[in-house]
Amino acid sequence: MTAPVNAIEVKVALYQYEPMIFTDENGNAAGITVDLINDMAEQNDWEIEYVECTWAQALEFLENGEVDIVTNIAYTEERDSVFNFTTEPAHVYWSQVYVVPELEVNSILDLSGKTIVGNEEDFSFNYFKEQMEKYRVQANYIEVAETISILEYIDSGKADAGIIPYTFGNYYSSGYDVKVTPIETEPFGQYFAVANGTNIDLLNDMNSYLALVGTPTQELPKQKKDIFKEFLPYLAIGVWAISLLIILNLMLKDKVKRKTDELTAKNLLLEDYIEEKKRSDEKYSTLVEKGNDGIILIQDYVVKFANSKFGEMIGCTKEEVIGIPLLDLISEDYKELVLDRYERRIKNDSTIPYRYEIDLLSKDGKKIPVEISASYIEFEGKPADMAILRDITERKKAEMTMQEKLEAEAANRSKSKFLANMSHELRTPLNAVIGFSEMLLLGTFGTLNDKQTKYANNINSSGKHLLDVINDILDLSKVEAGRMELHPEEFDVSSAIEEVNILVASIAEKKRIGISTDLTDNTIVVEADKTKFKQILYNLLSNSLKFTPDNGSIVVAANVKDEMLYVSVKDSGMGIAKEDIGAIFSPFRQLEEMSSKVQQGTGLGLTLVKRFVEMHGGEIWVESEVNVGSTFTFTMPLKSDIE
């Protein structure tokens, strides 16, 4: 996506918290939160730059201004003193307790005396410790900086249990020897934040967006339980039993009243939870449907769920996709691979890659290249495979175009190298032909008669013409092979034009063609390769002299505009048809009306002119009218940036 011209540059912290926000295998920001940020950017004309960091660095970068936005941050009073939070949470999350496989845990009582690991910056981990202390359940705690370390600690036996965010655990736990327990924390809001007193416009834009789309949440599990609140009745019963032994008659009514109030409060909390669950499910569904990626869930070899984006990718509605056999969606080239990985994934095999590329089949049989990110989940109590699919058609086209370009450039370099070698091989004998013919004409080996002189002249002029052709080929091959070097120097433009005029004066005199100069300033100085400048002008003047009839005229003009030198050669020649102008700078090509036997030419002069001008950072163009004449104009910077 191309940012608008006046886009606001916004830096967003990019830390590893899959599937919400992370760096994919191509080094790009990805995840549910990234899709949300990119959608905000498109609607508010932001140009996003993602800054890679750890979670701890993200908070530090936000506070000192190195990033503008941190996502998925829980609200605390301490953080509120340094950050400004969105009024609505962007996501709702909670954490679950994971344990080593041999440990049976059904309530927090089973964690008494165990070693529990958690992220030192995770709000739910700190809340869990507070609740454990509140209910007097003693445990040992280990704090780590990265969430993935929690799974590693449990897997290696360094800890008995760990507190892990629901989405993170569901995404990564299949790769470690751990198991999930029924213990879950209360849901918390995850907000977007900016530094205190800064980026108020960004905060307002985010608030408006979140108010419009609502707060997406993780998919809450059925019959979600708050273990801490379930433990509260046991504690109350214990207290009630002890009190009963001491002052049974005096406290009975008060205990019953308190128990009744407690149950009433629980009922109210349960009603609020159910309502929040309903709203969260609706908001999460909206986020899934608004994402840029297709999402499907495979179970028993058929599609059990698909979002609208996936249906759009293959040309169906999402309702039409449900129930389709998995392999009917896969091109023949990848069916065996997909089947093997599906069967291994539903067995929770952690050794298979979770991200790879395949071709889907659309409804009309067209192949669609996609990148898959797949993971093991449980759906309705049975193993399933959830896949996020991204259409990479444009990326594949770009890769193919780049490959074709590289191959074409390699072929062109080979051609240029061959031409350069051949030109060198031909120049040596040609120099001998030209040299010996000149010696014959000078009478070095005796006086020639008229017929011999004519033949010697023909040999000499033909040899020189062929040498010019070879020199042009050699120059062109050097340019195309990148071996042509420029040697900038400061020189007077009027003097250089005069030197070239002298070189072509004899040809102009033979055809009685007048060459005049029109300079707005005789003191123009340019920094360029003087030899190449003179060759450009010489080729243009030679071209004009060649195609201008006797008694015609040529004007060489030069002026300066916006630190650029403009030089033009205007003639009163035969002109060029509009449909032929596009081919005038192509190598080895001459227009039909210019290629008569009377006119000699290599077909490379104007091609070299164009290449030399472009090497200087300039441009060249032609304006022409048949039977009126042509004007060739080229530009060059007054100051060279060539080192």
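The values are calculated or read from the model by the stated rules, or taken from the named source; none is laboratory data. Since the model is a prediction, treat every value here as computed from it, not as a measurement. Quick reminder, even Gly has a Cβ in these numbers, built from the backbone with ideal geometry, and neighbours come from all protein chains shown. For accessibility, only protein heavy atoms count, side chains too; no ligands or nucleic acids. Shrake-Rupley method; radii C 1.70, N 1.55, O 1.52, S 1.80 Å.
A few remarks follow.
- One residue stands out in region 509-567 among those that are without any contact (Cβ under 8 Å) to a residue 12 or more places away in the chain and assigned to a helix (DSSP H, G or I): the one that is most open to solvent (accessible area, probe 1.4 Å), namely LYS510.
- Contact annotation: residue pairs with Cβ atoms under 6 Å, 6 or more positions apart or on different chains, pairing a residue in region 612-637 that is at negative phi with a partner that is buried (at least 16 other Cβ atoms within 10 Å of the Cβ) and among the basic types (Lys, Arg), are PHE612/LYS532; ILE620/LYS610; THR631/LYS570.
- Of the helices (runs of 4 or more DSSP H) contained entirely in region 48-147, those carrying at least 1 residues that are farther than 20 Å from LYS11 by Cα and not basic (Lys, Arg) fall at 77-80, 123-134.
- SER375 vs. criteria surrounded by fewer than 19 Cβ atoms within 10 Å (Cβ to Cβ) and more than 17 Å from VAL302 (Cβ to Cβ): no
- Scan of region 341-357 for residues that are under 23 Å from ILE392 (Cα atoms) and in a helix (DSSP H, G or I), ordered by number: ARG341, TYR342
For every residue, the table says whether it meets (1) modelled with pLDDT under 80; (2) not charged (D, E, K, R).
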residue	(1), (2)
VAL256	yes, yes
ASP261	yes, no
THR286	yes, yes
ILE295	no, yes
SER308	no, yes
PRO325	no, yes
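- Any hit, region 545-561, residues being under 18 Å from LEU486 (Cα atoms) and aliphatic (A, V, I, L, M): no
- Pairs where the first residue, in region 54-83, is among the hydroxyl-bearing types (Ser, Thr, Tyr) and the second is open to solvent by 30 Å² or more (accessible area, probe 1.4 Å), C-beta under 6 Å, 6+ apart: TYR75/TYR191
- Those residues of region 309-340 which are in contact with a helix residue (DSSP H, G or I) (Cβ under 7 Å, 6 or more places away or on another chain) and polar (S, T, N, Q), in sequence order: THR317
- Considering the conditions (1) farther than 30 Å from ARG344 by Cβ; (2) at pLDDT 85 or above, SER375 is excluded by exactly one of them, (1).
- From the list ARG427, ARG395, ARG345, the lone residue that is free of Cβ contacts under 8 Å to residues at least 60 places away in the same chain and touching a Phe, Trp or Tyr at 6+ places or on another chain (Cβ under 6 Å) is ARG345.
- Verdict on LEU151 being modelled with pLDDT of 90 or more, open to solvent by less than 10 Å² (accessible area, probe 1.4 Å) and either more than 30 Å from ILE69 (Cα to Cα) or not in a strand (DSSP E or B) (or both): yes
- Looking across ILE163, ILE142, ILE150, one residue alone is in contact with a strand residue (DSSP E or B) (Cβ under 7 Å, 6 or more places away or on another chain), without any contact (Cβ under 8 Å) to a residue 60 or more places away in the chain and closer than 30 Å to PRO353 by Cα. It is ILE150.
- For region 600-617, the count of residues that are modelled with pLDDT under 90, over 35 Å from the mean Cα position of the chain (by Cα), loosely packed, with under 14 Cβ neighbours inside 10 Å and not in a helix (DSSP H, G or I) is at least one.
- Checking every residue in region 14-26 against the condition of being outside any loop (DSSP other than H, G, I, E, B), within 22 Å of ILE150 (Cα to Cα), in contact (Cβ under 8 Å) with a residue 40 or more places away in the chain and touching a strand residue (DSSP E or B) at 6+ places or on another chain (Cβ under 9 Å) gives at least one match.
- Residue within region 212-221 that is within 23 Å of SER375 (Cα to Cα), at pLDDT below 90, open to solvent by 30 Å² or more (accessible area, probe 1.4 Å) and not in a strand (DSSP E or B) present: yes
- If you check GLU63, GLU120 for being closer than 23 Å to ASP177 by Cα, open to solvent by 20 Å² or more (accessible area, probe 1.4 Å) and not hydroxyl-bearing (Ser, Thr, Tyr), only one passes: GLU120.
- Residue, most open to solvent (accessible area, probe 1.4 Å), within region 324-345, restricted to residues that are under 15 Å from LYS363 (Cβ atoms) and of a type outside the set (S, T, N, Q): ASP328
- Members of region 290-323 found to be more than 16 Å from ILE358 (Cβ to Cβ), among the aliphatic types (A, V, I, L, M), open to solvent by 10 Å² or more (accessible area, probe 1.4 Å) and outside any loop (DSSP other than H, G, I, E, B), listed by number: LEU297, VAL302
- Selection over region 355-365 of residues that are in contact with a helix residue (DSSP H, G or I) (Cβ under 8 Å, 6 or more places away or on another chain) and either open to solvent by 60 Å² or more (accessible area, probe 1.4 Å) or within 22 Å of GLU380 (Cβ to Cβ) (or both) gives a count of 1.
- Region 128-145 - residue that is of a type outside the set (S, T, N, Q) and open to solvent by less than 50 Å² (accessible area, probe 1.4 Å) and, of those, nearest to ALA58 (Cα to Cα): VAL144
- Of the candidates ASP359, ASP364, the single residue that is within 20 Å of ALA306 (Cβ to Cβ), touching a Phe, Trp or Tyr at 6+ places or on another chain (Cβ under 7 Å) and not β-branched (Val, Ile, Thr) is ASP359.
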